[in-house]
Every structure is written in C-alpha cells, then in structure tokens.
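Below: the structure, in structure tokens.
The values are calculated or read from the model by the stated rules, or taken from the named source; none is laboratory data. What you see is a predicted model, and the numbers here were worked out from it, not measured in a lab. Cβ sites come from the backbone with ideal geometry, for glycine too, and all protein chains shown count toward neighbours.
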Amino acid sequence: MPDPTPDSTFDALVVGAGAGGLFAAARLAHAGYRTLVVERLDKVGGRASTTEIDGFRVNDGAIVIEVGGITEETFAEVGAEFDVRAPAVPVLYRVGSKDLDVTRGGWGLLLSQMTRQGAKLLSGIGAARTDDDALPGEELSTADWVARFSTNDAVQGVFRNMCAAVFAVSSDELPARVFLTYFTRKSAFKRFGFCPDGTIGVWESLAATLPRNGGEIWLSSQVEALHLVDGRITGATVLREGRRVEVGCSVAVSDVGPAATVELLGPDDLPADYREQVRITDRPCSMLALNFASRERLVDAPGMLLFSTSRRLCYVANFTDTCPEMAPPGWNLYVGGSVPKPAVGDFDEAAEIELLTTDLREQVPGFDGARILSTAVMRDGWPPQRAVAGYDLTPQTPIPNLWNVGDGVKEYANGGTTACAETAKIVVDRIRAQFSLRVSAGRPPPA
C-alpha cells in the first residue's frame, strides 16, 4: 500500500463522529494533537443525531443532554458553545391520576405516593447509598430486588420505566447493583435539557472546535481497515469521495463499538481471548421511539413524563415547551419511547410498535389526532446502547495505541451520552500520560 502523505498523517485518528468520538477528538485537538475524525454518515452525532422531517427536528436516538456534569465541563474545557436548555421541571412521574414533581422530594416523595412499603424501599435505597455490602450481587435483577420490598404494580412499573429510560433495558434485565449504584451514587434525578437545534446541535458545536485546533472531520467517508505494524496501529485505509486514501497516525480511537473495531483489524491481529470477550459482551439493547406532533398541546409536562403503569411506554418527552425552534411555528413536538420484551435479543417489531401506540392513545389524550412523523426501531447495529450496563469492556484494547470509546465501554453503572463523555476523558487522559507523540507537520508537541 502507498505511504500516507504529510497531509494525511495525523497524531490521532478517531473512527466515528458519534458522541464518544467527538468528545475524544475535541479533547485531543484541544491538547494539541493533530486529529482526524472519519465518519461514514453525512452528518455528525451518530446514534445521537437529528433528522429534519418537514421542518421538524426529530432526534434519531438520544434526546436529552446532561447539564452541569462532565458533558458541560467538556464543552467549557474545549471552548465549545453549550446551547442546552433545561426544562423548568425536568421529569414528572405519572402515578395513577397524578403527575408528581419529585425535584425536591426525590425518592421519598415518589415512593410514598405509590405504596405503603415506601419506607422499606427507601431504607433499602438509602443503605445502598453508602454501604457497599448493601449492594446486591450482579445476579439479582432490579425487578427482583424491588419485589423484596413491594409487589405493587405501580412501583414495579416506575422502576421498570426508569431502567428503560436510562439504560434501554427492562428492570428484569438490569442488575440491581447497576441501578442502585447509578441512582444513589451517580446521577439520581439529575438535571438535563434539550438543544433547540435538536441533539445534533451540541455535536455540531463540539465538531466546530476541531478545525480551530488543526483537526479535520471527513464526513461520508469510511475507514475500511486499520493497519497494524509491529504490534501498533500505524494508520488506516479510508474510502473518501470514491477513492482510497492511506492515513497515518500515532494513536487511534474507535467510536464504532468493540465488535466493529475488531472487524477493522485482521482475524489474527487480536488475541483469541479478547475476541471472545468482545463476542460475549456484544449484546446491544433495543428501544422504540415514536415521534409525533400536534397543533394542540397534548402533554402538560415541560420536560419528560415517566409512567408507573403502561404496557411498554416508558416516557414521553415534550420538546417545544422549552425549544419551540424544533418545530414549525404553531406546532408541538413530542416523542414516546419504549423498550421491547426482550430488550436484548430478537423481538416482534410490529407487535412492539402496536403496544407503544396503544399506550400513547391511552396516556396522551388527543394522540389519535396527532401527526406521526416517524417510528424508529433502534436495535442490532444501531442500538440505543451497545452493551447492557454492568457488562461493558474496558476502553483499552490489547493494542497499546488503540482504544474504544462510547457506550460499549462505559464505566460501571453509567449510560447514554454522559457515559460517552466520561470514557472520552478517561481515554484522552491515558493517551496524554502514556504517549509522547512525534507531532506531524512540524507542529510543536502537545502540552
């Protein structure tokens, strides 16, 4: 193969412009690494992007962005605009005929409204907050843990739909240890918001920092293979504008998931035990999203509405109360999300769409008169999460200058784009600590 030219030689190659890839690339470029991002789609954001449908900005996957955490911190560090608006009330929980705001009351208020066993459940949650011995083993599901305290259908429903909204699996598929760690030690009742340009807006802002720092993003381009020489990644073959380009790099970061990363290398380039680990943990979740709009305001919740009793519907998000720019004037934009049974493995798409639609008819008065914009089934190669939380690989691969980022290598008990921001910081910190790069194009080495 021909050698890379100076113009196609970079310090860092990032495969994929999803959330994890862009977080990593922005950090690398900000640190002084000449960084190339290669993305096969014609837009950034990956499974957290946005598509315009007749003037409506419809999110392809992730709909909310955390405010005040590592995501916003990353934007501040790299100098990217963070245009995310937090709803006045982020989440309401529908329990019977009441929509509860638990912003201040938290678990105590929520559980006391649903069951007489609320105090027992609250005690179990409280114990998990500070005592590692109170956390159950990985074999106990969240549903089974809740059943120790309450068999109330509404209680089980709220926990089921919390698991679905955060982790894209049902409560009987998520380890209780993961759920309790997340909601007691990480991000319980956290703040989040919507971007007025759709979720793609935050990624476009992050991507704009790359050229300012000497980096590049190649859209509509495909990394066909990563090249391994003497046990290290030296570059890649990229299909760009109908021709193959050889790219050189000193380190590589992949945001296409561990299984796809393995496919970019030869069958003998990784140890058999690592390939087996990837095979075992390659268990993508699934989720459905029905996007709909109405001239009438159908949902009173200004942010997200979660349900205690439903067949499948776990939440409805109301975008236009906070971000009217996401819809044409006079329209309201919503999405209803559900997790199928099972969330991991095969399921009947038509039946699951029907169950979601039936729930929306019952829970959202006026839904039958709404305009259906799209129904997305996220699964297999395009899942809401590439691995069930608690069963992730580590970002490091057996190749010392190749890392994975994103929601297939999450830190324990994290999820979504927040997990992508976290893995990106971990990986970039390790790159900076472990590698003194020979910087391309005569640029001074990064700080």
Next item on the list: Quick one: which helices (runs of 4 or more DSSP H) lie wholly within the range 208-326 and hold at least 1 residues that are within 30 Å of Phe194 (Cβ to Cβ) and in the same structural domain as Glu39 (by TED's automatic domain parsing)?
Entry: 209-212, 258-263
Notebook entry, point to check: Can you name every residue in the range 11-46 that is under 27 Å from Arg244 (Cβ atoms) and touching a Pro at 6+ places or on another chain (Cβ under 7 Å)?
Noted result: Tyr33
Next item on the list: Read through the list (1) surrounded by fewer than 16 Cβ atoms within 10 Å (Cβ to Cβ); (2) closer than 30 Å to Arg311 by Cβ, then give the number of the only condition that Asp230 fails.
Entry: (2)
Notebook entry, point to check: If you scan the range 279-305, which residues turn out to be buried (at least 21 other Cβ atoms within 10 Å of the Cβ) and within 30 Å of Leu393 (Cα to Cα)?
Noted result: Pro284, Cys285, Ser286, Met287, Leu288, Ala289
Check: Which ones in the range 331-346 are out of contact with any Cys (no Cβ under 9 Å at 6 or more places or on another chain) and over 16 Å from Leu313 (Cβ atoms)?
Finding: Trp331, Asn332, Pro342, Gly345, Asp346
Next item on the list: Under 9 Å between Cβ atoms, at least 6 apart or on separate chains: pull out the pairs that start in the range 293-304 with a residue that is free of Cβ contacts under 8 Å to residues at least 40 places away in the same chain and closer than 14 Å to Pro329 by Cβ and end on any residue that is among the charged types (D, E, K, R) and surrounded by fewer than 17 Cβ atoms within 10 Å (Cβ to Cβ).
Entry: Arg295/Arg371
Next item on the list: Would you check if there is a residue in the range 281-295 being β-branched (Val, Ile, Thr) and modelled with pLDDT of 95 or more?
Entry: no
Next item on the list: Filter the range 45-72 for residues that are charged (D, E, K, R) and either surrounded by fewer than 18 Cβ atoms within 10 Å (Cβ to Cβ) or touching a helix residue (DSSP H, G or I) at 6+ places or on another chain (Cβ under 6 Å) (or both) and give the result.
Entry: Glu52, Asp54, Arg57, Glu66
Next item on the list: May I ask you to list the residues in the range 322-374 that are crowded, with 19+ Cβ neighbours inside 10 Å, of a type in the set (D, E, K, R) and touching a residue at least 60 places away in the same chain (Cβ under 8 Å)?
Entry: Glu352
Checklist line | Residue list for the range 27-41, restricted to those being in a loop (DSSP other than H, G, I, E, B) and closer than 18 Å to Ser221 by Cβ | finding: Arg34, Glu39, Arg40, Leu41
Note to self: closer than 30 Å to Arg47 by Cα, assigned to a helix (DSSP H, G or I) and in contact (Cβ under 8 Å) with a residue 12 or more places away in the chain: is that true of Ala165 in this structure?
What the structure shows: yes
Note to self: Taking the criterion of being surrounded by fewer than 24 Cβ atoms within 10 Å (Cβ to Cβ), among the β-branched types (Val, Ile, Thr) and assigned to a loop (DSSP other than H, G, I, E, B), would at least one residue in the range 4-24 satisfy it?
What the structure shows: yes
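Which of the residues that make up the range 50-62 are of a type in the set (A, V, I, L, M, F, W, C) and at pLDDT 95 or above?
Ile53, Phe56, Val58
Somewhere in the range 83-93, is a residue of a type outside the set (Ser, Thr, Tyr) and over 30 Å from Gly157 (Cα atoms)?
yes
The rows are residues; the columns are (1) assigned to a strand (DSSP E or B); (2) of a type in the set (D, E, K, R); (3) in contact with a Phe, Trp or Tyr (Cβ under 7 Å, 6 or more places away or on another chain); (4) within 30 Å of Thr423 (Cβ to Cβ).
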residue: Gly330; (1), (2), (3), (4): no, no, no, no
residue: Leu333; (1), (2), (3), (4): yes, no, yes, no
residue: Ala343; (1), (2), (3), (4): no, no, no, yes
residue: Asp346; (1), (2), (3), (4): no, yes, no, yes
residue: Ile353; (1), (2), (3), (4): no, no, no, no
residue: Thr358; (1), (2), (3), (4): no, no, no, no
residue: Val377; (1), (2), (3), (4): yes, no, no, yes
residue: Trp382; (1), (2), (3), (4): no, no, no, yes
residue: Val388; (1), (2), (3), (4): no, no, no, yes
Notebook entry, point to check: Can you name the number of the only condition in (1) closer than 24 Å to Ala419 by Cα; (2) surrounded by fewer than 20 Cβ atoms within 10 Å (Cβ to Cβ); (3) outside the structural domain of Cys249 (by TED's automatic domain parsing); (4) modelled with pLDDT of 95 or more that Gly79 fails?
Noted result: (3)
Checklist line | Gly198 in contact (Cβ under 8 Å) with a residue 24 or more places away in the chain, outside any helix (DSSP H, G or I) and in contact with a Gly (Cβ under 6 Å, 6 or more places away or on another chain) | finding: no
Notebook entry, point to check: In the range 54-82, which residues are of a type in the set (A, V, I, L, M, F, W, C), assigned to a loop (DSSP other than H, G, I, E, B) and under 12 Å from the mean Cα position of the chain (by Cα)?
Noted result: Ala62, Ile63, Val64
